[in-house]
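The values are calculated or read from the model by the stated rules, or taken from the named source; none is laboratory data. Predicted model only: the values in this text are computed from it and were never measured. Reconstructed Cβ throughout: ideal geometry from the backbone, glycine too, with neighbour counts over all protein chains shown. Accessible surface areas use protein heavy atoms only, side chains included; no ligands, DNA or RNA. Shrake-Rupley method; radii C 1.70, N 1.55, O 1.52, S 1.80 Å.
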Amino acid sequence: MKSNITARQLEIKGVVQGVGFRPFLFGLAQTYSLAGEVSNTADGVDAWVEGREEDIEGFIQDILHKHPLLASISDIQTQKSSLKHFSEFKIVKSKGAPSRNTLISPDVSICKDCLFELENPEDRRFEYPFINCTNCGPRFTIIEDIPYDRPKTSMKSFVMCDQCQKEYDDPMDRRFHAQPNACPDCGPEVFLTDNSGSRVEETAQDAVGLAANFLSQGKILGVKGLGGFHLACDASNELAVQSLREKKIRPHKPFALMAKSVEALHDYVHVSEQEKKLLEAYHRPIVLLEKKKRVFSNLMALAPGVAPLNTCLGVMLPYTPLHYLLLKKGPDILVMTSGNRSGEPLSIDNQDALDAFCHIADYFLLHNRDIYFRADDSIMRIQAGQERFVRRSRGYAPLPVSLNKKLPPVLGCGAGLKNTVCLTRGNDVFISQHIGDLENIKSESYYKSSIEHLKRIFDIQPKIVAHDMHPGYMSTSYADAQNGVKKVAVQHHHAHAVSCMAENNLDEKVIAVTLDGTGYGTDGRIWGGEILLATPKDFLRKAHLSYLHMPGGDKAVLEPWRMAVSVLFSCFGKEFLDLDIPFVRQIGKKKLNIVCQMIEKQLNSPLTSSAGRLFDAVASVLCLRHEISHESQAAMELEAIAAGVGDNELDGPAYDFNIRAGETEGLLEIDMLPCIEQIVKDMQSDLSESVISLKFHHTMVEAFTDAVVRIKKESGIKKAVLSGGVFNNDIVLNQMIARLENKGFEVYTHSKVPTGDGGICLGQVAAAAAMEKD
């Protein structure tokens, strides 16, 4: 009988630590009567099994097909070995290694088993805000180093009681080696303070109930979560919502909401089955959902100030036990917006949070489990039938995007706004959590620490540093300061294009439509409405929107009325000052004339081909928004008024445009001034702003489709990729896909990384690797 026994060594790579993988293998070994051992390593998990050959094969197949929910396997290497004559299967201590190649799970929402215990009065963890097991809870935000063991997490200061230790040591318990395992007797505790930091509850058990009562009374709370702080208030209380807006100095940007359940959203938003599945996924992103009409019509309605002038609400379901308890004891729907100083990263430290927004929050719901690494909530929406990221962060980072080819070790430094960074290892690209806009010292510090943290936990020392061409970006300055590495500058829109190509495994030449707000061009001008012939290695600019002046430079981004002056001056000269339209009356001829002179004399009026600035200009011409308080606000409001108009309501065809030869041979210029002239005529004829906006959207899509078709006729290329922040616009994305497919194109879009600047680091590393290869 013994002659039938063989031994096999397994090296398993992927997300296999902190997800119940070793107890899964332990149970599987019992099922197949196998002896041996399993341990965590810096590369993943190593297992040694001894038994009948057919049982070992069944064991391996079950690993691939029945692994724990949070696990993902990238590779299993097996090797026949000599017998060691194990008498049982056991789990042994983690093994170190000279290099680290494991993957790390992101933070995930509370599982059904833990939620059941949380709500069970007979359970010893009843209403314990830090309940977790190997299937749920914090991961990335509490990890200091790997292998992922308790001494290398923020739980190291909490010594487990006898009961918790017994669970932790029992391979058949779902809390076996759950590193954050704890209970009310030995684990972290939550406490409530006023905005001076003085505790206001008598016991830890009182804290959540008292906090929920304060929310119901219209108070604002600072709440410490998994990856940072939220500022919370009752979403149905307009006074509380407006108070939060005023104190946070956030006049218009939509607030994120957290709802008790999908059912609690029924009166307010449309939720498809696909959206419901995304809401309830263990990643728990914020999901953008279309508002129902008359959302604010009944007495129990959401506050109008939650998301003014927006067609969607951004909603997430609770993902920590603390969230569940707050929503159980307080309002069914809460505003849950980021807790930070304006323009700075999320606060993760109790005292920093008190210092940062004690003037905003009335009370603070705090706890004593440290957050090692901040992670903003991810934002997603369903567009053209696919899940798409607006922001990729908590619940997804630092999981890699896997490519179909190996890359050398490259650091992608990202862009200046909506920054993320990434590191490559073999086929994997590890993309950081959302870092944000790099505009101050704290953001710069967070940026640098994010890079160092990724380098440490994945043991990657990049040989190439890829960065944007823009000389003014902090990310470019960081790259310039690196020594002993090759530095590669990647043009912004080329990086957009290659990002989309990389996630779709495209290596051949494509036609790339890249539409956004700002990107430094190879001619020193500001690009943003581009069509490129692109490969991962290089690109040729084939078409762009006609250049317009940006009077005031960066001021024109914050004050769209300046771009409105630019387009009207380009169409009509100074005669536009005599047009009988609301725009001229609202801004005033004196102010408008000064900007006209800036354009005439080319004073601080750089040229731009930006699609984003053109959307801003039209929004201001229609008097929707002359100044903005957050990025893309004017364009979003222009989309919002168009979204309610059916195509059958359009008054005639889309507007005119011209496509002509550009400044260099083979370059096309897309002139939208005929469209602007006709918009003015429609305004003078009292056509509704909503219809005008939809006609403008149609015209932009038609103009770029026309240009792409011309480039196809010349090049023979039928694959088109769409990238850039403008494709967050639902109308533009859906219509561009439909129009191009109707013209015989294979159209590729983003689903693994954001289409905006949050995905650009992926394109940077893929482009730099392609340049290095040759």
Taking Cα atoms, how many degrees apart are the long axis of helix 21-31 and the longest axis of the chain, rounded to 10 and kept between 0 and 90? 50 degrees
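Counting chymotrypsin sites (Phe, Trp or Tyr not before Pro) as exposed when in a DSSP loop with at most 15 other beta carbons within 10 Å, what is the longest stretch of the chain free of them? It would help to have the intermediate numbers written out before the result.
Values: sites that count: PHE126, PHE296.
Free of exposed loop sites, the longest segment is 297-774.
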Positive end of the charge dipole of segment 432-557 (Lys, Arg +1 and Asp, Glu -1 on Cβ, about the Cα centre): tell me which of TYR478, ALA495, GLY553 has its Cα farthest that way. TYR478
Using the crude model of +1 on Lys and Arg Cβ and -1 on Asp and Glu Cβ, and no other charge, please compute the dipole size for segment 161-319 relative to its Cα centre, in debye to 20. 1020 debye
Accessible carbon and sulfur surface of segment 125-260 relative to its total accessible area, %, 1.4 Å: 48 percent
Give the residues of segment 205-234 whose amide nitrogen is closer than 15 Å to a point set 7 Å from the Cα of ASP355 in the direction of its Cβ. none
Distance in nm between ASP185 and GLN242 label points, each 7 Å along Cα→Cβ, equals 5.2 nm
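How much length is gained if the chain between GLN77 and ALA301 is pulled fully straight, taking 0.36 nm per residue apart and subtracting their Cα-Cα distance, in nm to one decimal?
Numbers: separation 224, 0.36 × 224 = 80.64 nm, distance 5.65 nm.
Gain in length upon complete extension: 75.0 nm.
If the only charges are +1 at each Lys and Arg Cβ and -1 at each Asp and Glu Cβ, what is the size of the charge dipole of the chain around the Cα centre, to the nearest 20 debye? Don't skip to the end; give the middle numbers.
Working: 86 positive and 99 negative charges, 230 e Å.
Charge dipole, the chain, about its Cα centre: 1100 debye, nearest 20.
Roll a 1.4 angstrom probe over the protein heavy atoms and tell me the percent of accessible area of segment 617-774 that is carbon or sulfur. Before the final figure, lay out each step's value.
Details: 2640 of 6100 Å².
The value for segment 617-774 is 43 percent carbon and sulfur by accessible area.
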If the cut-off is a Cα-Cα distance under 19 Å, which lysines reach LYS291, setting aside same-chain residues fewer than 8 apart in sequence? LYS253, LYS260, LYS276, LYS277
For segment 370-469, what does the relative contact order come out to in percent, with C-alpha contacts under 8 Å and a separation of six or more? 25 percent
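Please tell me the relative contact order of segment 34-111 in percent, rounded to the nearest whole number, where contacts are Cα pairs under 8 Å and at least six residues apart.
Details: 80 pairs, mean separation 38.8, N = 78.
50 percent.
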LYS455 label point, 7 Å along Cα→Cβ, cut-off 14 Å on backbone N: hits in segment 387-410? 409-410
Summing -39500 (n - 2.57) over every DSSP H run of at least 4 residues in the chain and dividing by its residue count gives a helix-only mean residue ellipticity at 222 nm, to the nearest 500 deg cm²/dmol, of -10000 deg cm²/dmol
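What FRET efficiency do you get for LYS718 and LYS773 if R0 is 35 Å and r is their Cβ-Cβ distance, rounded to the nearest 0.05? Spell out each step's value before the answer.
Working: r = 25 Å, r/R0 = 0.73.
The pair LYS718/LYS773 has a calculated efficiency of 0.85.
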Helix 204-216: inclination vs the chain longest Cα principal axis, degrees, rounded to 10, gives 20 degrees
Pop the C-beta distance of GLN586 and ASP123 into the FRET formula with R0 = 56 Å and round what comes out to the nearest 0.05. 0.35
Considering Cα pairs under 8 angstrom that are at least six residues apart, work out the relative contact order of segment 526-603 and quote it in whole percent. 23 percent
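How much length, in nm to one decimal, is gained on full extension between LYS486 and ILE5, taken as 0.36 nm per residue of separation minus their Cα-Cα distance? Display every interim value, and only then the final one.
Numbers: separation 481, 0.36 × 481 = 173.16 nm, distance 5.24 nm.
Contour length minus Cα-Cα distance gives 167.9 nm.
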Hey, what's segment 86-165 come to in accessible area per residue, 1.4 Å probe, Å²? 44 Å²
Checking the cross-link filter: which lysines have an alpha carbon closer than 24 Å to that of LYS84, excluding same-chain neighbours under 8 positions apart? LYS2, LYS13, LYS93, LYS95
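Might you tell me the accessible area per residue for segment 226-353, computed with a 1.4 Å probe and given in Å²?
Details: 5150 Å² over 128 residues.
Counting only protein heavy atoms, the per-residue value for segment 226-353 is 40 Å².
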In this structure, the FRET efficiency calculated for ILE249 and VAL92 from their beta-carbon separation, with R0 = 45 Å, to the nearest 0.05, is 0.25
For segment 601-694, the per residue accessible area (1.4 Å probe, Å²) is 44 Å²
Of all DSSP beta bridges in the chain, antiparallel share, percent nearest 5: 70 percent
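What full-extension length gain, to one decimal in nm, is calculated for LEU115 and LEU69 as 0.36 nm per residue of separation minus the Cα-Cα distance?
Values: separation 46, 0.36 × 46 = 16.56 nm, distance 1.63 nm.
Answer, rounded to one decimal: 14.9 nm.
Is segment 377-504 best put as rounded, prolate or oblate by its Cα gyration tensor, with a ≥ b ≥ c the root eigenvalues, rounded for a/c under 1.5, and otherwise prolate when a/b is larger than b/c, oblate when not? All intermediate terms of the calculation are to be shown ahead of the outcome.
Details: a/c = 1.42, a/b = 1.23, b/c = 1.15.
Judged from the Cα gyration tensor, segment 377-504 comes out rounded (a/c under 1.5).
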Of all accessible surface on segment 382-505 at a 1.4 Å probe, what whole percent is carbon and sulfur? 49 percent
